[in-house]
Each structure stands twice: as C-alpha cells, then as structure tokens.
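A short write-up of the structure that comes next.
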Amino acid sequence: MDALHERTAVELRDLLASGELEPAEVTEHFLDRVERLNPAVGAFATVTADLARERAAALQEAGRPQQDRGTPAPSGSVWGVPTGDKDLWNRAGVPTGFGSRAFAGLPPAEESDEIVRVLDRAGIVSLGKTAAPELGFPAYTEPAGAPPARTPWDLTRGAGGSSGGAAAAVAAGMLPFAPGSDGGGSIRIPAAACGVVGLKPTRGLLPAGSGVDSLGGLVVNGPIARTVADAALLLEAMLPRDAGGGVAHPYTLRAPSYGAGAYLAAAQRATLLASGDGPDPAPGGGRARIGVTTSSPWDGFYDIAVSPEARAGLDAGVRALTGRGHDVEEMALAEAPEYAPAFRTLWMGGASAVPIDDPETLDRLEPLTRWLIRSGREVPARQLAEAVRTLSGYERSLVAQVSAYDAVVTPALALTPRPVGWYDAEDPERNFEQQCQYTPYTSMLNVAGLPAITVPTHWTEPTAEAPAGLPMGVQIIGRPGGELTLLALAAQLEAELPRPHAFPL
C-alpha cells in the first residue's frame, strides 16, 4: 500500500470505512508528517496531538458508520480522516490565536464554532489549528511573532492567505484536505499559491459559513484539497444532511443545492452533468460555453498586470478546455470604476466591527490591521450604506455577465507566489495595493456571491529554490449554485494537466 499521505482523501475515507485502516494509524501517520515538516512549512499554528489521538481512539471505540450493514460510508462522511481547524475558528478547549500576537495567552473557548461542530459530526480528526494571518485580513500568512506559512514548492515564498496554513498543509501532505474561509479570496489565493484545489461555494450554500452573517455577505467557508474529488468530498462533509438526505439549512439563506453525493459524482465523472440531478444541460449536451478574461474591477484603480507565468497558466487551462470540446471565447468584464472605492469602504467597515476597544490591544496589532480597523471606524454610516448599495449593483451586473456563459475562466493569480516579506509591513496603503495587484480576480466573487474554484494548470521553469517550478493556475467562475459544473470542469483540467510531482517535500 502507498504511504498514507499519498492516498487521496476519498481513498482514505473508503479504506477507513471498510476497516482496512483504523483512525489511530491514520492519525499517527499524519501527526508524524506534521512533526517533521511543519518547522519548515509553518502550516500549523497549534498542533493538538494528544487531542487528536483521543479523538481517533473514541471514533474507533464507537465503531465506523454503517459497518454492520455492509454498506459504504455516506458520501458526506469523512469518518476518521484527519484535517485541521483554521486558527480563526474556536474549538472548545483549544486556544485560538487569530493569527495575532495581540491575542496570545487568551483562554480557550468553551464552545466550538459551528463549522467545527459540523465537521466533527461528519467524523473528522482535528490535528490542530492551521495558520492564518492577523484576524484573516491579509492575502498572505506572515503573522508578526509567528513563522510564516510557506508554499512547499519554494520555501522562500509565501503560501498566500488567509487560509495559508490549510493550503500549505495539504500541499505538503500534512493533511489530506482542510477547510478554509474566504472573504476576498482566502481559499482560492493560498490554494493557487500552493498548487492545490480551492473551492469558494455560492453564498448561502453552507449553513456554517454561509456568508449571510458577514457585512456585504463576503465570507463563506469551503474546502481545500489536493484533488478536485477530495475537495468535493470535503464540501459534502460541510453540508449537514437531514434524515432524507437533503441539505439541512435551519438558520441561513438556502442557495441551490443537490442531493447527497452529487458534488463528489461530478468531480469523479469529470463531465458536465446534464441529468435532472445536475445543473442545466450545457449547450451541445456536455459542451460548455466558457468565457475567458483577464479583466478585473481593479483595472484603472491600481496598476494591474498579468505576469507571463500567470498568462502561461491561463493559456494551459484554455488549451485543455478547448481540447475537451468546449466552446471557449475571449470576453471582457464591463468596466466598473465604482467597485474599488466601494470595496475598500466595505472591507474597512467590516474591520471596524472587530471587538477590540482597548487602545493597548489595538497598538499591538500589525500596521495593516490597525489601519483597517481605525479607518473603518471613521467611515460615516452614509458612506458605508452607499458602498453596500454600489456593490449590490455590481453584484447584479457581474451575475448577469457570468450567467451568459456556463463558466468564466480567469488567471487564479496575476503574479507568481510572492516572496516571504514582499508585502510592505509599514505602509498599509501600499500593502493593500500589493494584495490587489497579486489577487485582482477574487474579491469580486465574494461581492457577487458566485462560486469559484482554482486549479493548478502549469508549473514554471525549475530553479534552485523551486526544483519542480512554481504552481500557476486558473480560476473557474460559475453561475449561482453552479458548483457541479465547476467541479466537473476542474476535474477535466486535472485529468489533462496533472501535477509534476505528488508532493514538493
């Protein structure tokens, strides 16, 4: 049998469900990977080895789901599969650092956050807290006072953010998959920088992290994984089901969703579904109409330039999709000069709600975070309301533009993964600009609530620091509720453009 970290999450799930593997041995294998690799990669902020072993033992004692009936585990079950909690989420009894030195020494939370409880019910074993930047605001994971999260493909470069630790852990084989959160690209950016798959779901799809409880509806939870099928499996686990197999949405807005197993089936079949169980049939009975663009709503506000490496990643993805028979055409997004100032206002407005009032605690925050919070608290209510209204108009416009196609493809990132220390640590205005120049294609989808998936398509030429090259990829954007189409298209790309190595480390 291959080493356990070389198995996909789907394979691990099936081996655990069949009894060929036990949670304890899987947990020990991945804890060993974490112990050996985390000092170099910086993927985990906190490792909870003892709690993980206790959890694995408790799962074994309770017995695997449905094993007495001789049937496979439910599609949403990830019984015994290891993962981690993002260090912005509370787990009862474990300290939450929020990626900040300002919160060092806080007592552990008494209650776990909803996303943690949902995944616990699906059967996961948490190995600890994956690293995040301060309060999740930056698009890079280099918190002051803690090691940076690095892409395993080149340890001189950052893993992106804010789910940087999660993506780095998956890319390095320290976890088979990991959940993240995405308020402006925080799943897709690190997934792209680390050469793995990241899915931002439609706003409202997931009860835990639906987006409807954040200002402007920006923040949703979603999966990061090494393969498209593994991302689909974790998405299934994040969708709690009722007794009839339907998605349970007791507290949040419901977005279009499909029956148990549909997301995993879409990824595994690697074809556009055209049955009544899937999305609307694509023109030509499986041939999708796909728009391709390098335009973004930040054009004209900042100097946005697509690097040759990003262009190569986009071209590789387009060639592969064309080769699969899809109708691919160039398109440009409508100019939106109102977007950038409105988004900045909304982003600062969201930061203003951070529950920190003590001046000394504010002073311990990093310059970017202090600037966002203090600037947000100076925004007049009228200006914030106008920004929300402006972005609501942009949402309607972008949804209409994307919905003219079955999917729209952009570069995942405009630049190669950034060197550690590249972002300006002292000038927050410059820092914010740098983030937008690196990731101009992500935040618009949080504003519009649209689903999007990033998948690697190309590796740059090898260097001494990156012997296998750096990962570059594409972002595929879908219509509202279009996750099945995105997973199918991403799986086709994955089949056409495999990774050069299973693991960079």
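Among Gly80, Gly99, Gly128, Gly164, which is the only one that is closer than 22 Å to Thr454 by Cα and modelled with pLDDT of 95 or more?
On the way: Gly80 fails: closer than 22 Å to Thr454 by Cα; Gly99 fails: closer than 22 Å to Thr454 by Cα; Gly128 fails: closer than 22 Å to Thr454 by Cα.
Every option except Gly164 fails the conditions.
Counting only residues that are at positive phi and crowded, with 24+ Cβ neighbours inside 10 Å, region 189-215 holds 3 of them.
Inspect region 44-63 for any residue being under 16 Å from Pro179 (Cα atoms) and either at pLDDT below 95 or in a loop (DSSP other than H, G, I, E, B) (or both) and give the result as yes or no. No: zero hits. Out of Leu497, Leu487, Leu470, one residue alone is within 17 Å of the chain's Cα centre (by Cα), touching a residue at least 24 places away in the same chain (Cβ under 8 Å) and more than 23 Å from Ala340 (Cα to Cα). It is Leu487.
Can you name the residue in region 201-231 that is part of a helix (DSSP H, G or I) and farther than 16 Å from Arg7 by Cα and is also nearest to the chain's Cα centre (by Cα) among such residues? The extreme case among them is Gly217.
Note on region 351-407: residues that are more than 16 Å from Tyr339 (Cβ to Cβ), among the basic types (Lys, Arg) and without any contact (Cβ under 8 Å) to a residue 24 or more places away in the chain total 2.
Scanning region 91-116 for residues that are within 24 Å of Gly173 (Cα to Cα) and either within 19 Å of the chain's Cα centre (by Cα) or in a loop (DSSP other than H, G, I, E, B) (or both) turns up Thr96, Gly97, Phe98, Gly99, Ile115, Val116.
Any chance you could count how many residues in region 375-422 are assigned to a strand (DSSP E or B), crowded, with 16+ Cβ neighbours inside 10 Å and touching a strand residue (DSSP E or B) at 6+ places or on another chain (Cβ under 6 Å)? Lay out the reasoning, then the answer.
Residues of region 375-422 that are assigned to a strand (DSSP E or B), as a first pass: 407-411, 419.
Imposing the further condition that a residue be crowded, with 16+ Cβ neighbours inside 10 Å reduces the set to 407-411.
Then drop every residue that is not touching a strand residue (DSSP E or B) at 6+ places or on another chain (Cβ under 6 Å), which leaves 407-410.
Selection size over region 375-422: 4.
Here is a yes/no grid of residues against (1) closer than 17 Å to Gly291 by Cα; (2) at pLDDT below 95; (3) of a type in the set (Ser, Thr, Tyr); (4) surrounded by fewer than 23 Cβ atoms within 10 Å (Cβ to Cβ):
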{"residue": "Ala466", "(1), (2), (3), (4)": "no, no, no, yes"}
{"residue": "Gly469", "(1), (2), (3), (4)": "no, no, no, yes"}
{"residue": "Leu493", "(1), (2), (3), (4)": "yes, no, no, no"}
{"residue": "Pro498", "(1), (2), (3), (4)": "no, yes, no, yes"}
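Checking each residue in region 323-364 for being more than 25 Å from the chain's Cα centre (by Cα), among the hydrophobic types (A, V, I, L, M, F, W, C) and either over 21 Å from Cys436 (Cβ atoms) or not in a loop (DSSP other than H, G, I, E, B) (or both) picks out Val328, Met331, Ile356, Leu362. Screening Val78 with (1) assigned to a loop (DSSP other than H, G, I, E, B); (2) surrounded by fewer than 24 Cβ atoms within 10 Å (Cβ to Cβ); (3) among the β-branched types (Val, Ile, Thr) gives one miss only, at (2). Looking across region 66-75 at every residue that is part of a loop (DSSP other than H, G, I, E, B) and surrounded by fewer than 19 Cβ atoms within 10 Å (Cβ to Cβ), the one that is modelled with the highest pLDDT is identified as Gln66. Kindly indicate whether Ile224 is closer than 18 Å to Leu487 by Cβ, in contact (Cβ under 8 Å) with a residue 12 or more places away in the chain and hydrophobic (A, V, I, L, M, F, W, C). Judged against the criteria, Ile224 is a match.
Can Ala448 be described as of a type outside the set (Lys, Arg) and farther than 15 Å from Tyr140 by Cβ?
Details: of a type outside the set (Lys, Arg): yes; farther than 15 Å from Tyr140 by Cβ: yes.
Against the criterion (of a type outside the set (Lys, Arg) and farther than 15 Å from Tyr140 by Cβ), Ala448 qualifies.
Using beta carbons and a limit of 7 Å, which pairs, at least six apart or on different chains, have the first residue in region 150-166 and more than 22 Å from Ser443 (Cα to Cα) and the second one of a type in the set (Asp, Glu)? Pairs that qualify, where the first residue is more than 22 Å from Ser443 (Cα to Cα) and the partner is of a type in the set (Asp, Glu), are Asp154/Glu465; Thr156/Glu465.
Filtered by the rule that a residue be in contact with a Leu (Cβ under 7 Å, 6 or more places away or on another chain) and of a type in the set (Ser, Thr, Tyr), region 360-384 gives a lone residue, Thr369. In summary, Thr361 fulfils each of the numbered conditions (1) under 18 Å from Gly216 (Cα atoms); (2) surrounded by fewer than 16 Cβ atoms within 10 Å (Cβ to Cβ) with the single exception of condition (1).
Table: residues versus (1) under 20 Å from Leu234 (Cβ atoms); (2) of a type in the set (Lys, Arg); (3) crowded, with 24+ Cβ neighbours inside 10 Å.
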{"site": "Ile124", "(1), (2), (3)": "yes, no, yes"}
{"site": "Glu134", "(1), (2), (3)": "no, no, yes"}
{"site": "Ala144", "(1), (2), (3)": "no, no, no"}
{"site": "Gly165", "(1), (2), (3)": "yes, no, yes"}
{"site": "Ala171", "(1), (2), (3)": "yes, no, yes"}
{"site": "Phe177", "(1), (2), (3)": "yes, no, yes"}
{"site": "Asp182", "(1), (2), (3)": "yes, no, yes"}
{"site": "Ile187", "(1), (2), (3)": "yes, no, yes"}
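From the list Thr271, Thr293, Thr227, the one residue that fits, being surrounded by fewer than 22 Cβ atoms within 10 Å (Cβ to Cβ), modelled with pLDDT of 90 or more and among the hydroxyl-bearing types (Ser, Thr, Tyr), is Thr293.
Each row is one residue, and each column tells you yes or no for (1) closer than 16 Å to Ala132 by Cα; (2) assigned to a helix (DSSP H, G or I); (3) among the aromatic types (Phe, Trp, Tyr).
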| site | (1), (2), (3) |
| --- | --- |
| Leu155 | no, no, no |
| Gly160 | yes, no, no |
| Ser181 | yes, no, no |
| Gly185 | yes, no, no |
| Ala193 | yes, yes, no |
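One residue stands out in region 426-462 among those that are under 19 Å from the mean Cα position of the chain (by Cα), farther than 18 Å from Glu483 by Cβ and among the β-branched types (Val, Ile, Thr): the one that is surrounded by the most Cβ atoms within 10 Å (Cβ to Cβ), namely Thr439.
The values are calculated or read from the model by the stated rules, or taken from the named source; none is laboratory data. Note that the coordinates shown come from a computational prediction; the quantities given were computed from them, not determined experimentally. Every residue, glycine among them, receives a Cβ derived from its backbone with ideal geometry; neighbour counts consider all protein chains shown.
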